[in-house]
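Enquirer: My questions all concern the structure below.
The values are calculated or read from the model by the stated rules, or taken from the named source; none is laboratory data. Keep in mind that what you see is a predicted model, and the values were worked out from it rather than measured. All Cβ positions, even for glycine, are placed from backbone atoms using ideal geometry, and neighbour counts span all protein chains on display.
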Amino acid sequence: MPIRFTLNESAVEFAGDPVMPLLWYLRDHAGLTGTKYGCGIGACGACTVHVDGRAQRACVLPMAGIEGGRVATIEGLIASGDEAARAVRAAWSEVDVPQCGWCQVGQVMAAADLIARKDEPSDEDIASITNLCRCGTYPRIREAIRRAAKSRREGAR
Amino acid sequence: MATSLTRREFILVSATAAGGLVASAHFPTRARAAQQAAPAAPASLGAFVRIEPDGSVVIGARGAEIGQGVITSLPMLIAEELDADWASVRIEQLPLGIEASSEPPGLRPKFGAQGAGGSTNIPEGWNELRQAGAHVRWRLVHAAAQRWSVAPEDVRSEAGSLFGPSGQRAHYGELAAAAAKLAPPAGDLPLKPASAWRILGKPQRTVDVAAIVTGGVRYGLDVREPGMLTAVVARCPYFGGDIASVDDAKAREIPGVRQILRLPAPPADGPVLHQLAAGVAVVADDTWAALKARDALAIVWKPGPGARDSTAALEQRCLAAVKKPGTHVRNDGDVEAAQAGAHHALDATYIVPFLAHATMEPQNAYVKLEGDRALVIAPTQAPGQANKVVHELTGIPRLNIEVQLPRAGGGFGRRGETDAIAEATLIAKQANAPIKLFWTRDDDTRNDFYRPFGAHRMRATLDAEGKLTSWWHTTVGTPIAWRGRDMEKAPPWTGLVDEDGVPAGLVPNYRSEFSSAEFQLMRGWWRGPVHSFAAFASQCFMDELAHLAKRDPVEFRLAVLGEPRELPYDGHGASVLDTGRLANVLRIAAEKIGWGRSALPGRGLGIAAHLVFGGYAAHAFEVEVSGGELQIQRCVCAVDIGQPVNPLGVEAQIMGGTLDGISAALHQEITVKDGRIEQGNFDSYRLLSMREAPDVELHVVPSTLPPAGAGEMGTPTVAPALANAIFAATGKRIRRMPLAKALRG
C-alpha cells in the first residue's frame with residue numbers, strides 16, 4: 001500500500017521504504033532542498049517542516065507517520081502566500097538574521113508556526129524554540145520574531 | 001585603442017558571452033572577443049565587474065562565503081569605488097580562478113586570494129578590491145570623455161551613471177563596450193576619502209538573504225546533478241586503524257545500493273591521504289539507501305596505534321611535561337632569576353580541551369571526473385587546495401579542474417581542510433560516476449581536525465608594589481603541524497603559541513616555551529586559533545595576579561599595558577600590538593558593564609581583553625551562579641577593528657563570535673576513551689541554545705584605521721571573561737574548559 005499525503009498542497013503517493021525519514025523524501029525524491037539536514041536525531045531543527053500546520057522535525061519523521069497528513073516545506077509555504085511565513089520571511093530579511101544560513105529555513109518554519117499560534121509571543125515562547133544555530137544568530141532571531149509578530153498584528157487590524 | 005584587450009580580458013569576455021562570470025577554461029578566439037564588443041552585449045571590465053546593456057552592474061564575489069559575510073563585504077569594496085548603485089547591483093559568486101602563468105608554478109590566481117582563514121579577506125581586499133573598482137570606473141569615465149569629447153576630469157560618476165559638463169548623461173551600460181576596449185591605467189588610482197562613501201561604512205544586508213530564508217540558495221549538500229550517486233562512508237573509529245574484514249552481503253541487498261567500495265588505510269606520509277580514515281564506502285541512488293546499507297555492513301576494525309589512549313591520559317602527560325623545560329619560543333631577560341627571589345609568585349596550570357567545529361552543514365562534496373576534466377562543487381575555505389587535491393589524486397591538469405564555491409553552512413576553520421573533497425574524489429574514481437559524498441553529524445564530529453588540546457602552565461612574579469616582574473608561559477600541546485600535512489615544515493608550536501601576546505614586551509623577564517604532546521587525532525584551525533586558548537590562559541592568569549596583588553583587575557591590566565605604544569608583534573595576523581587600542585577596549589567594556597559597582601550576592605563581573613588578528617576585543621560579563629549552575633546576566637563586548645566595512649556584518653560576526661565563545665567555553669569538549677571519540681551528535685556535543693544565548697551589548701570603536709577582519713575577533717576573550725566572572729561570583733577559580741562542567745564538578 002503506498003503512503004498517501006499532501007505535499008505543498010498537492011496529493012502525492014510514496015511506495016518506497018515506509019521507515020525512510022520524510023527529510024530524505026523531500027530532499028532526494030521531491031527535490032525540495034530548502035529543508036536541511038543537521039543532525040538526524042531531531043536535535044537541531046534544521047529540517048523543520050509543517051505537518052498539519054505544526055512545526056515538526058522531518059529527520060525523525062518516518063514516511064509511514066505522515067499517511068493522510070498535510071506537509072508544507074518552505075517552498076510550499078512561500079508559494080501559498082501563508083501570512084505568518086510571509087511576515088517571518090520579511091522580518092528575517094529586514095533584521096538580516098542569517099550568517100551561514102544553513103539553519104535559517106528551519107528557524108523560519110519554527111517561527112512561522114509560533115507566530116501563527118501566538119499573536120504576541122512572549123520571551124518564554126521564543127526561548128522555547130529549540131532550533132540550533134551554530135553561527136549564534138539568536139539575538140537577531142528574537143528580534144525578527146518580535147518584528148514579524150508585530151507586523152502581522154498590524155496587518156490584521 | 002581598438003583591440004588592446006589583455007589575455008585575461010579575452011577569457012572573461014568570452015566567459016561572459018557564454019552566459020555568466022563562470023569563466024570557461026578554454027581560451028577564446030579574437031573573433032569571439034570582437035563579437036563581444038558589440039554594443040548590445042554585456043561587457044566584462046576587469047576580473048570582477050560585468051556590466052549588462054541595461055546598465056545593471058554585476059560584481060563577482062571572490063571569497064569563499066562561510067557565513068562571515070564576504071559575499072556582501074568584498075563586493076561593497078568594489079562597488080564603492082565603481083560608484084555603482086548598491087541597491088540595484090547584482091552579486092555573483094565567482095568560482096576558483098586560476099590561469100596559466102609563465103612563472104613557476106605555472107599557475108596564478110585570476111581573482112587574488114579566495115580562501116577563508118585568519119580573518120584576512122577584508123584586510124587583503126581593502127586596497128586591492130577598491131582599486132579594482134576604481135580601475136573599472138576610470139575606464140568608464142574615459143570612455144564617456146571620448147564619446148562626449150570632454151576632459152575625463154569633467155566627467156562625474158554617481159550610482160551607475162556618468163554625467164558630462166553640459167548635461168550629458170549615460171548609464172554604465174551605454175559605455176561598457178567602449179570602456180572594455182580601453183586599457184586600464186597601470187598602478188594605483190587615488191581612492192575616495194571616507195567622507196565621500198555611499199556604500200562602505202554603512203550597514204548593508206547580506207546580498208542573498210532573501211534566497212537564504214526561502215530555501216533558494218543551493219549549498220553543497222543541495223547539489224543534484226544528472227547521473228549523480230550519493231556516497232556515505234563507514235570510517236574506522238580508531239585513528240590510524242584499518243579494516244580487518246568486511247561482510248557486505250546484507251548491505252548489497254538494500255534497494256538502491258550500487259556499489260560498496262573499500263577505501264584502504266592511507267600511508268601516514270602521503271601528501272594528501274594522511275587526512276583520511278580507512279573506510280568502506282556505500283554508493284547508492286539516494287541518501288537513505290546509502291545510510292541503510294552502511295548500517296547493514298559488518299566491519300571488523302583493526303585498531304590503530306592510539307587504540308588504548310585517552311584524553312585523560314593525554315592530560316596527565318601534559319601535566320607532567322609542563323614541569324619540564326621546553327623549546328624557548330621567546331625569551332626576554334631572565335625569568336629564572338626573577339622568579340627565584342620574588343616577593344609574590346603564582347604558578348597555575350590551565351587545561352584546554354579538543355574541540356570539534358560542528359558546522360551546521362556537515363562535510364560534503366560533489367565530484368565529477370570526466371576524462372581529463374573535473375568539476376568540484378563543495379563548501380570549502382580552501383578552493384585552491386581543493387583543486388590541488390583533486391589534481392594529486394587523479395592527475396587531471398589543474399587548469400581543467402573547476403571548483404565552484406557554493407555558500408557554505410559554516411566554516412570556523414573546518415573547511416580549510418579538503419579531506420571530504422579528497423574522499424569524494426577517491427570514491428568517484430573507483431565508482432566511475434559523479435559522486436555526492438555525505439557525512440552525517442556523527443561522521444562530522446568524529447572525523448574532525450580538532451582544536452588542539454593543551455596544558456598551559458603560567459608562572460609570574462610581582463614586586464612589593466604589586467608590579468609584574470616576570471611572566472613564564474609553558475605550553476604543552478598537540479601540534480597542528482603533524483603527520484605530513486602541508487605545513488609539516490612549520491615549527492610544532494605553529495597555531496599554539498601567542499608568543500608576542502600580552503604581556504610580552506611589557507615585562508622585563510618573559511619566556512614563552514613549548515613542548516609537543518603526542519596524540520593520535522588530527523588537529524586543525526578552530527575560529528581564532530591560538531587566541532582562543534592563549535587568551536584563556538593569559539587573561540585568567542592576569543586576573544589571578546591582580547587578586548594576588550590586591551589590585552582591581554581592570555586597573556592591574558591597565559598598569560601592565562602602560563603608556564599607549566606600539567609593540568612589535570608577529571605571526572597571528574598583526575604586525576604590531578598597540579597597547580593604547582587594547583587599553584581602550586578594556587576601558588569601554590569595563591565602563592559599559594558598570595565595573596566597580598558591588599554585585600548582588602551570587603553575582604560577579606569578569607573581564608578580558610586581547611589582540612585577535614589585527615583587531616582589539618574585550619568582553620565583560622555579569623554572571624549569577626547558584627547551585628552550580630551558571631546564568632549570564634549581561635554580556636558586553638567592545639571591539640576596535642579599525643574602519644568597519646559593513647557595520648551590520650561586523651555586528652553579526654562579533655555577536656556570533658561571542659555566542660560561539662560562550663558555547664565552547666561552557667559546554668564543549670571532545671574526549672577520547674580507548675582510542676575512540678566519545679561525542680557524536682548534538683546530544684553529546686552541545687551547542688548553545690536560544691534560551692542560553694544572551695543579547696550581546698556591542699560597542700565598536702569609531703576608527704579610520706585600515707580594517708581588520710571581524711570573523712574571529714568575538715570569540716577568544718569570552719572564556720577568560722566568563723571564568724573571571726565566575727571567580728568574582730563564587731570565589732572559585734576554574735582553570736579548565738568547559739566551564740559549566742568544571743563548575744558542577
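Enquirer: If the requirement is being in contact (Cβ under 8 Å) with a residue 40 or more places away in the chain, buried (at least 19 other Cβ atoms within 10 Å of the Cβ) and out of contact with any Phe, Trp or Tyr (no Cβ under 9 Å at 6 or more places or on another chain), which of these qualifies: B:Asp444, B:Asp448, B:Asp463, B:Asp500?
Expert: B:Asp444
Enquirer: Filter segment B:63-102 down to the residues that are out of contact with any helix residue (DSSP H, G or I) (no Cβ under 7 Å at 6 or more places or on another chain) and crowded, with 21+ Cβ neighbours inside 10 Å and list them by number.
Expert: Those that are out of contact with any helix residue (DSSP H, G or I) (no Cβ under 7 Å at 6 or more places or on another chain) and crowded, with 21+ Cβ neighbours inside 10 Å: B:Gly67, B:Ile71, B:Pro75, B:Met76, B:Ala84, B:Leu94, B:Pro95, B:Gly97.
Enquirer: Okay, next question. Are any residues in segment B:44-70 within 14 Å of chain A (Cβ to nearest Cβ) and out of contact with any Leu (no Cβ under 6 Å at 6 or more places or on another chain), and if so, which ones?
Expert: B:Glu65, B:Ile66, B:Gly67, B:Gln68, B:Gly69, B:Val70
Listed here are the residues, each with its yes/no results for (1) more than 9 Å from chain A (Cβ to nearest Cβ); (2) over 20 Å from B:Val70 (Cβ atoms); (3) of a type in the set (Val, Ile, Thr).
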| position | (1), (2), (3) |
| --- | --- |
| B:Phe163 | yes, yes, no |
| B:Arg169 | yes, yes, no |
| B:Gly201 | yes, no, no |
| B:Asp208 | no, no, no |
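Enquirer: Right, something else. When you check B:Gln316 against the structure, is it farther than 23 Å from B:Gly416 by Cβ, more than 33 Å from the chain's Cα centre (by Cα) and among the polar types (S, T, N, Q), yes or no?
Expert: No.
Enquirer: Sticking with this structure for a sec: Return a yes/no flag: does segment A:46-65 have any residue that is within 9 Å of another protein chain (Cβ to nearest Cβ), in contact (Cβ under 8 Å) with a residue 24 or more places away in the chain and not hydrophobic (A, V, I, L, M, F, W, C). Let's see the steps before the verdict.
Expert: To start, the set of residues in segment A:46-65 that are within 9 Å of another protein chain (Cβ to nearest Cβ) comprises A:46.
Those left that are additionally in contact (Cβ under 8 Å) with a residue 24 or more places away in the chain: A:46.
Cutting the leftovers down to not hydrophobic (A, V, I, L, M, F, W, C) gives us none.
No, segment A:46-65 has no match at all.
Enquirer: Now a separate question. Just wondering, is there one or more residues in segment A:103-110 that are β-branched (Val, Ile, Thr), buried (at least 23 other Cβ atoms within 10 Å of the Cβ) and more than 10 Å from chain B (Cβ to nearest Cβ)? Write out each step before concluding.
Expert: As a first pass, look at segment A:103-110 and keep what is β-branched (Val, Ile, Thr): A:105, A:108.
Checking which are buried (at least 23 other Cβ atoms within 10 Å of the Cβ) leaves us with A:105, A:108.
Now drop any that are not more than 10 Å from chain B (Cβ to nearest Cβ), which leaves none.
For segment A:103-110, residues β-branched (Val, Ile, Thr), buried (at least 23 other Cβ atoms within 10 Å of the Cβ) and more than 10 Å from chain B (Cβ to nearest Cβ): absent.
Enquirer: I'd like to verify a number: residues in segment B:619-656 that are touching a Cys at 6+ places or on another chain (Cβ under 7 Å) and over 28 Å from B:Ile78 (Cβ atoms), how many?
Expert: 2
Enquirer: If you don't mind, another one. What about A:Gln99, is it free of Cβ contacts under 8 Å to residues at least 40 places away in the same chain, within 12 Å of chain B (Cβ to nearest Cβ) and either under 15 Å from B:Ala211 (Cβ atoms) or of a type in the set (S, T, N, Q) (or both)?
Expert: Spelling it out, A:Gln99 is indeed free of Cβ contacts under 8 Å to residues at least 40 places away in the same chain, within 12 Å of chain B (Cβ to nearest Cβ) and either under 15 Å from B:Ala211 (Cβ atoms) or of a type in the set (S, T, N, Q) (or both).
Enquirer: Next up: Let me spell it out: the conditions are (1) touching a Lys or Arg at 6+ places or on another chain (Cβ under 6 Å); (2) closer than 21 Å to B:Leu743 by Cα; (3) within 14 Å of another protein chain (Cβ to nearest Cβ), and B:Ala693 meets all of them except one. Which number is the exception?
Expert: (1)
Enquirer: A follow-up question, please. When you check A:Gly81 against the structure, is it at the interface with chain B (Cβ under 10 Å from one of its Cβ atoms) and either of a type in the set (S, T, N, Q) or in a loop (DSSP other than H, G, I, E, B) (or both), yes or no?
Expert: Judged against the criteria, A:Gly81 is not a match.
Enquirer: Okay, moving on. Identify, by number, the condition in (1) more than 8 Å from chain B (Cβ to nearest Cβ); (2) not in a strand (DSSP E or B) that A:Ser93 doesn't meet.
Expert: (1)
Enquirer: Out of B:Gly410, B:Gly395, which single residue is modelled with pLDDT of 95 or more and within 27 Å of B:Val530 (Cβ to Cβ)?
Expert: Matching residue, one of B:Gly410, B:Gly395: B:Gly410.
Enquirer: Can you name the condition, by its number, that A:Asp119 falls short on among (1) more than 7 Å from chain B (Cβ to nearest Cβ); (2) surrounded by fewer than 21 Cβ atoms within 10 Å (Cβ to Cβ); (3) closer than 24 Å to B:Glu361 by Cβ?
Expert: (3)
Enquirer: May I pose another question? Within segment B:584-597, identify whether any single residue is within 19 Å of B:His547 (Cβ to Cβ) and modelled with pLDDT under 95, and answer yes or no.
Expert: Scanning segment B:584-597, I find at least one residue that is within 19 Å of B:His547 (Cβ to Cβ) and modelled with pLDDT under 95, so the answer is yes.
Enquirer: Take residues that are under 23 Å from A:Arg89 (Cα atoms) and among the basic types (Lys, Arg) and tell me which of the strands (runs of 3 or more DSSP E) falling wholly in segment A:15-78 contain 2 or more.
Expert: Of the strands (runs of 3 or more DSSP E) lying wholly inside segment A:15-78, those with at least 2 residues that are under 23 Å from A:Arg89 (Cα atoms) and among the basic types (Lys, Arg) span A:54-57.
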